[in-house]
Amino acid sequence: MATQKDALVEIVGSKNVTDDLETLGTYSKDMSFVPSVKPACVVMPKNVDEIQAIVKWANQTATPLVPVSSGAPHFRGDTVPSVGGAVIVNLSRMKKILWLSGRQGTAMFEPGVTFGELQQKVEQEGLRLNMPLLPRRSKSVVGSLLEREPVTMPKFHWEDGDPLGGTEVIWGSGDLFRTGALCIVGGTMQDAIESGSALNWPKGPFSTDYYKIVQGAQGTMGIVTFGSMRCERLPSVQEPFLVGSLDLGKLSEFTYWLLRRRLGEECLLLNNSNLAAILAKKWPEDYMRLKDALPSWVLFFGLNGYEYFPEERIAFQLEIMADIAKEVGVQPVKAINGIAAAELLKVLFQPSEEPYWKLRCKGACEDIFFLTTYEKISELVEVVYGAAGRYGYPAADMGVYLQPTVQGCSWHCEFNLFFDPNSSNEVDKVRQLFVNTSEALISKGAYFSRPYGLWADMVYRRDAETTAGLRKVKGIFDPKNVMNPGKLCF
């Protein structure tokens with residue numbers, strides 16, 4: 001142990017390596033059902049040279065590395081070591097925002113930068129982030145992009161990898177590599193910036209999309225040292241709306257036609273449990289009052305005008321929206337039972353206030369999420385509700401978040417199982433519900449594109465060909481299996 005720690009101290013300095021039991025305990029588990037495994041130590045590099053030295057040392061000593069860029073709390077098990085003796089590579093010291101361009105609509109930043117920190121800077125350039133729903137304050141932007149977390153402006157979501165641009169990555173072999181425009185331009189990063197190239201372009205080099213190897217990989221292929229992100233323009237005029245209904249089918253149909261007609265920049269669906277959890281200030285009084293006052297399902301969407309002719313842009317969008325609403329049989333409004341769409345806009349498109357919104361109900365939350373198509377949403381929601389009844393979990397207490405992705409071509413469906421972590425009965429109930437419902441959903445065609453923790457076996461044992469292909473790729477980029485071994489199918 002002393003030899004291992006001494007070697008890391010030589011790379012990053014004594015203040016940036018720790019093996020005290022309390023710190024190791026925080027990395028040995030998270031809020032998921034992944035088994036607890038204590039790491040050997042935690043190392044905190046500050047630049048790409050130190051990361052590369054750590055990865056090369058890991059290859060020489062066969063030491064597992066687990067990269068972590070976001071702060072606690074963690075939820076999915078991907079940052080918990082699967083094997084003993086692992087070293088946590090904490091990237092939170094890497095806080096530089098390397099470049100911002102309002103003209104190109106691009107930001108480039110290191111993995112320790114959080115959404116709140118980046119959002120403040122891009123707004124000064126007349127930009128805004130296409131961000132996930134209420135990320136926690138400690139959430140790394142690079143981490144979110146690499147995990148393909150759904151974004152709340154599906155109109156600007158062109159493919160699953162968006163809005164990630166180019167990246168710099170240290171593969172598990174220790175080799176440094178750049179993807180997308182950062183590699184196509186060549187030379188140093190400053191050369192790339194001065195070239196005027198669109199640094200938010202993720203493709204390449206050549207015809208291979210290398211960024212897809214690190215996206216969704218849970219740190220099993222390498223460590224990303226910085227990334228770029230495509231940002232969107234700040235609107236001049238915003239017209240947010242709410243649509244409430246007891247009928248999920250009507251709301252999903254209305255959303256489908258909005259996006260098909262390219263209306264609505266911000267667009268998402270929540271059930272009353274989640275919306276109340278997000279908005280409540282006092283617990284449990286506000287939560288229960290809001291939940292009872294809200295319809296079962298609420299769609300939030302926004303029509304925006306930009307620099308040129310904003311009022312005219314809003315006007316024609318309102319006409320089209322009204323026609324679609326009449327055809328489907330719904331009524332967009334500015335407020336529902338005292339909850340104003342304008343106020344909700346301010347809340348939904350910021351990082352979450354503390355405590356994190358998923359922990360406000362009972363102190364813990366387990367998520368079931370997957371991708372599906374518009375036609376299957378209602379059926380799969382019924383699968384989860386039916387399973388909740390069988391396992392004694394009140395379906396009315398479950399949070400549901402439905403997010404169109406890729407301009408509505410697919411949907412992210414998320415079910416938030418709130419529970420008391422100090423109640424063994426609730427923990428066991430949620431664990432059984434989580435495992436059995438996930439299996440049932442997969443058998444019904446739900447696509448678990450991000451197979452964390454217990455999902456990995458469910459997904460990969462059903463697809464031997466993909467599993468074999470991924471293991472070959474792993475052998476190329478991480479031949480000694482030092483990067484987060486035990487995750488996915490590795």
### Query
Which translational diffusion coefficient, to the nearest whole µm²/s, is obtained for the range 97-233 from the Stokes-Einstein equation, given a Kirkwood hydrodynamic radius over C-alpha pairs, 10 °C and 1.306 mPa s?
107
### Query
Direction-averaged shadow area of the convex hull around the Cα atoms of the range 40-121, nm²?
6.5
### Query
Want the number for F206 to I320: 0.36 nm per residue separation, take away the alpha-carbon distance, what's left?
36.9 nm
#### Entry: Net charge contributed by nearby residues that have their C-beta within less than 13 Å of L24 (K/R +1, D/E -1)
0
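By average Cβ neighbour count within 10 Å, what is the ranking of 427-434, 20-27, 411-418 from highest down? If you can, show how the numbers build up before the last one.
Values: 427-434: 18.1, 20-27: 13.0, 411-418: 23.4.
Top of the packing list down: 411-418, 427-434, 20-27.
Viscosity 0.890 mPa s, temperature 25 °C: what is the translational diffusion coefficient of the range 416-484 from Stokes-Einstein with a Kirkwood Rh over Cα pairs, rounded to a whole number of µm²/s?
171
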### Task
Give me the Kirkwood hydrodynamic radius of the range 2-90, using the inverse of the mean 1/r over all pairs of distinct Cα atoms, in Å to one decimal.
13.1
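Give me K155, K281, K96 ranked fewest to most by other Cβ atoms within 10 Å of their Cβ, as a rough exposure proxy.
Values: K155 21, K281 9, K96 14.
Starting with the residue having the fewest Cβ neighbours, the order is K281, K96, K155.
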### Message
I'd like the distance separating the alpha-carbon centroids of the range 56-92 and the range 338-377, in whole Å.
### Response
28
### Query
Quick one: if you take sqrt(5λ) for each eigenvalue of the C-alpha gyration tensor of the chain, what semi-axes come out, biggest first, whole angstrom?
37, 28, 20
### Message
Only counting other Cβ atoms within 10 Å, I'd like W57, W158, W257 sorted with the fewest neighbours first.
### Response
W158, W257, W57
### Task
Take the Cα pairs of the range 237-348, get the Kirkwood Rh, then feed it into Stokes-Einstein at 37 °C and 0.692 mPa s and tell me D in µm²/s.
227
### Task
Determine, for each peptide in 341-353, 40-52, the mean count of other beta carbons within 10 angstrom over its residues, then list the peptides with the highest first.
40-52, 341-353
### Task
Taking every pair of Cα atoms in the range 291-398, average 1/r, invert it to obtain the Kirkwood radius, and report Rg/Rh to two decimals.
1.02
### Query
So what's the back-of-envelope 222 nm ellipticity for the chain, counting only DSSP H runs of four-plus at -39500 (n - 2.57) apiece and dividing by all residues, rounded to 500?
-10500 deg cm²/dmol
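Quick note: the coordinates plus some simple rules give every number you see, no bench work behind them. What you see is a predicted model; the values in this text were computed from it and never measured. Positions of Cβ are backbone-derived with ideal geometry, glycine not excepted, and every protein chain shown enters the neighbour counts.
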